[in-house]
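Every number here is computed from the coordinates shown, using simple stated rules; none is lab data. Since the structure is predicted, the reported quantities are computational estimates derived from the model, not experimental observations. For neighbour counting, all protein chains shown are included, and Cβ atoms are generated from backbone atoms with ideal geometry for every residue, glycine included.
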Amino acid sequence: QQKQDMQGLKVLVTAGGTRERIDPVRYLTNDSSGKMGYALAEAAAQRGAHVTLVSGNTSLNPPPNVKVISVESALQMYDKVMELLPEQDAVIKAAAVADYRPAVSADKKIKKTKDHMTIELVRNPDILAEIGTRKTSKQVIVGFAAETNDVETNAMDKLRRKNADLIVANDVSKEGAGFGVDTNIVSFIRPDQPPRRLPQMRKRDVAEAILDEIVTIRTSKSGM
Ligand code: PMT
């Protein structure tokens, strides 16, 4: 029996990796398949939420009853998320956003005229951190932390720096966790609480557990 405990809630999910253009046929990106974010969007819609999925590159089909907005770069994702943020009850940032982009994106294909070539990179805005400065007291903000070492310490640091309500930490160096696979191994990091470690689970079940946590956080925020 599918829970219906998100009826009417507005939920924004980001998924997939961003592409940072070098020229019209080349870009920098990462290994995100979008599976984690798409599982979250599908599960939230089935629990009754109005879901908008801001999606970077993926080959997945759009989940049923979810509004999908496709973007390419971190800057495009930033603009879309900021536009939609004020009306959301919860935001879940499962996307793997590139931290850097090429300083210049050539408008014509770059020719191989030199033996060495340097691409200068500049920092992208941190979308989650900006959400953290703009969020209202009722909005629930969930970030992810993709780590390969000191997972919970780094995730706790991200929770504080980005003013999130929950960080879902995954050790992406573990088999069966992180990028591309159908399962994940996560810990929930919340302010003033010990980490909650979950076993290896299908991404859909991880998604349900994250949504349970959001419902709990919402209840505590409304003082019920
Ligand atoms: O897509 P899959 O193949 O299913 O893989 C799932 C996943 C590994 C991509 C997912 O579980 C995950 O960990 N997503 C976050 C990846 C990431 O970018 O982590 P990070 O530790 O670099 O960033 C921390 C948080 O800040 C993330 O919520 C990220 O969305 C956000 N961020 C990061 C950089 C940036 N410029 N803006 C951001 O909002």
**Asked** Which one of Tyr100, Tyr38, Tyr78 has the biggest mean-square fluctuation once the chain is modelled by GNM with Cα springs under 10 Å?
**Response** Tyr100
**Request:** Provide the net charge surrounding Ser33, with neighbours chosen by a C-beta distance below 15 Å and charges set as Lys +1, Arg +1, Asp -1, Glu -1.
**Result:** +2
**Prompt:** By DSSP, what percent of the beta bridges with both residues in the chain are antiparallel, rounded to the nearest 5?
**Reply:** 35 percent
**Request:** With an 8 Å cut-off on Cα pairs and a minimum separation of 6 or more residues, tell me the relative contact order of the chain in percent.
**Result:** 19 percent
**Item:** Paired Rg and Dmax values of the chain, which use every Cα atom, in angstrom
**Value:** 17.8, 66
**Asked** Taking K and R as +1 and D and E as -1, what net charge do the other residues with C-beta under 14 Å from the C-beta of Met6 add up to?
**Response** -2
**Asked** With θ set to phi - 60° and the Karplus curve 6.51 cos²θ - 1.76 cosθ + 1.60, what are the ³J(HN,Hα) couplings of the stretch 4-16 in order, to the nearest whole Hz, using x for Gly and Pro?
**Response** 10, 8, 10, 3, x, 6, 9, 10, 10, 10, 10, 8, x
**Prompt:** 222 nm [θ] for the chain, helices only, -39500 (n - 2.57) per DSSP H run of 4+, per residue, to 500?
**Reply:** -8500 deg cm²/dmol
**Message:** Can you classify the stretch 102-190 as rounded, prolate or oblate using the Cα gyration tensor, where a ≥ b ≥ c are the square roots of its eigenvalues, rounded means a/c under 1.5, and otherwise it's prolate if a/b beats b/c and oblate if not?
**Reply:** oblate
**Request:** Within the set of other residues whose C-beta is less than 9 Å from the C-beta of Lys203, count the net charge using Lys and Arg as +1 and Asp and Glu as -1.
**Result:** +1
**Message:** Distance cut-off 26 Å, Cα to Cα: go down the list Lys80/Lys114; Lys35/Lys221; Lys3/Lys93; Lys35/Lys109 and report the pairs above it.
**Reply:** Lys80/Lys114; Lys35/Lys221; Lys35/Lys109
**Prompt:** What ranking of Thr52, Thr183, Thr18, Thr118 emerges when the number of other C-beta atoms within 10 Å of each C-beta is taken as an exposure proxy, fewest first?
**Reply:** Thr118, Thr183, Thr52, Thr18
**Item:** DSSP loop GluC sites (Glu not before Pro) with at most 12 other Cβ within 10 Å: longest gap in the chain
**Value:** 1-119
